[in-house]
Amino acid sequence: MESISSRVTQVTPSLTLSITNQAKAMKAKGEEVYGLAGGEPDLDTPDFIKEAAIKAIQDGKTKYTPAAGIPELREAIAKKLKVENKLDYQASQVIVNSGAKHSCMNAIMAMVEEGDEVIIPAPYWVSYPEMVRLAGGVPVIVETKEENGWKLTPEEFEENMTGLTKMIIINSPGNPTGAVYTADELKALGDVALLEDIVILSDEIYEHLLYGDAKHVSIASLSKELYDLTITVGGFSKAYSMTGWRLGWIAAPAEIAQAISKIQGHTTSNACTFAQYGGLAALEQKSTFVEDLRAEYDVRRQFMLARLKAIPNISVVEPEGAFYFFVNCEQLGMKSVNLCDKLLNRYRVAAVPGIAFGNDNCIRISYCTTLDVLNEGVTRFEEFCRAH
């Protein structure tokens, strides 16, 4: 249809959602499918968060709030950032959004103009390039190397900068690789960004899911200069198992925060009112949920790492964060969509093609499921690899 915007026609559907939906359809028909494609925790939202939202509904907190969110939640996020991230934001610099995905989109819309280039290290989360295109920008995909832990180097960053570069997106801990940047690595990337005042979009949605000796560092905390260039994104979906609640946030320099609030006022208005009270409870009430979730996922991570390393013709980098493995299957001689299609239809194992993340030689495997499913899924994956 010729009247559809050219920006929309350039956007590709989400392969992660496509694979998940295909696996669900097979299950609905009664077929046994071992789902290793998920991007959300399998544990339920904690009861105390649910109860806070239910109470908010019962108390009549079902009307509009300020576009940027209820003041109490913005204050709680600012406090969390100060205590946990060493970031000094006023509540007025915090904008509550309808999920971290919405946060990223708002940030890109606020900063990117027609023709601006945005550097995106690959492998990348599937939506980053499409968001940039929707904003009229040009995604500049920079391939990282497995031997560098799938992390962008300052040299790779600088080599791909041009006079049109407006933004770089950094995702740590990262989806799909689980890569976590150290403070020194972030400082080195930040030094490059400072050369040309390139805005940094720091997506930190997986910040609480870290393993081993990995430490989360917010790049905006490293210097006043980087603070002034950085838009920090976080949310409740992953650590609190609140994916369906659609609740995220942005913290940014005042002028940028005001611009994002303006965009939100003309698009979604506020995030879901009673979900915000659930988020407030998540931040203010003491609970072991996040640590328990992290510990459980670490058990699964170590189990999967040992199993995957024993499989011939593939390679993996140990993920230090999030809940994914990015498996290099180049030696199998198949591109990722073909591989995942055969894996699903012949072996009933759902994984996500790496092409969705900018690397057609790899697939993403999630460990957001039970050990029983992981065990059977990886056993079938091993059979597949040995047969090819």
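The values are calculated or read from the model by the stated rules, or taken from the named source; none is laboratory data. Since the structure is predicted, the reported quantities are computational estimates derived from the model, not experimental observations. Cβ coordinates were reconstructed from backbone atoms using ideal geometry, including for glycine residues, and neighbour counts include every protein chain displayed. These accessible areas exclude ligands, DNA and RNA; they are computed on the full protein's heavy atoms, side chains included. Shrake-Rupley method; radii C 1.70, N 1.55, O 1.52, S 1.80 Å.
At-a-glance table
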| item | result |
| --- | --- |
| Matching residues in the stretch 242-259 - criterion: being open to solvent by 30 Å² or more (accessible area, probe 1.4 Å) and not in a helix (DSSP H, G or I) | Arg246 |
| Residue selected from the stretch 313-342 under the condition of a type in the set (D, E, K, R) and either more than 18 Å from Leu210 (Cβ to Cβ) or crowded, with 19+ Cβ neighbours inside 10 Å (or both), by the criterion nearest to the chain's Cα centre (by Cα) | Glu320 |
| The lone exception for Ile4 - which of (1) among the aliphatic types (A, V, I, L, M); (2) without any contact (Cβ under 8 Å) to a residue 60 or more places away in the chain; (3) within 30 Å of Ile198 (Cα to Cα) it fails | (3) |
| Answer from Arg301, Arg294 - the residue that is under 17 Å from Val180 (Cβ atoms), basic (Lys, Arg), touching a Leu at 6+ places or on another chain (Cβ under 9 Å) and in contact (Cβ under 8 Å) with a residue 60 or more places away in the chain | Arg294 |
| Boolean, Thr273 is open to solvent by 10 Å² or more (accessible area, probe 1.4 Å), under 29 Å from Lys63 (Cβ atoms) and modelled with pLDDT under 95 | no |
| Residues that are in a loop (DSSP other than H, G, I, E, B) and either touching a Cys at 6+ places or on another chain (Cβ under 6 Å) or more than 17 Å from Met111 (Cβ to Cβ) (or both), drawn from the stretch 260-275 | Thr268, Ser269, Asn270, Ala271, Cys272 |
| In the stretch 55-73, residue nearest to Ala107 (Cα to Cα) [restricted to those that are free of Cβ contacts under 8 Å to residues at least 24 places away in the same chain and of a type outside the set (Asp, Glu)] | Pro71 |
| Residues of the stretch 285-307 satisfying the condition of being part of a helix (DSSP H, G or I) and loosely packed, with under 14 Cβ neighbours inside 10 Å | Glu291, Asp292, Ala295, Val299, Ala306 |
| Only one of Pro312, Pro319 that is part of a loop (DSSP other than H, G, I, E, B), under 28 Å from Pro46 (Cβ atoms) and not aliphatic (A, V, I, L, M) | Pro319 |
| Criterion: out of contact with any strand residue (DSSP E or B) (no Cβ under 8 Å at 6 or more places or on another chain) and outside any helix (DSSP H, G or I) - qualifying residue of Ala281, Ala239 | Ala239 |
| Top-ranked residue in the stretch 348-367 [being in contact (Cβ under 8 Å) with a residue 40 or more places away in the chain and either open to solvent by 20 Å² or more (accessible area, probe 1.4 Å) or charged (D, E, K, R) (or both); ranked as farthest from Asn175 (Cα to Cα)] | Arg348 |
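Per-residue answers, yes or no, for (1) more than 30 Å from Cys340 (Cβ to Cβ); (2) of a type in the set (A, V, I, L, M, F, W, C):
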position	(1), (2)
Gln58	yes, no
Ala76	yes, yes
Glu84	yes, no
Lys101	no, no
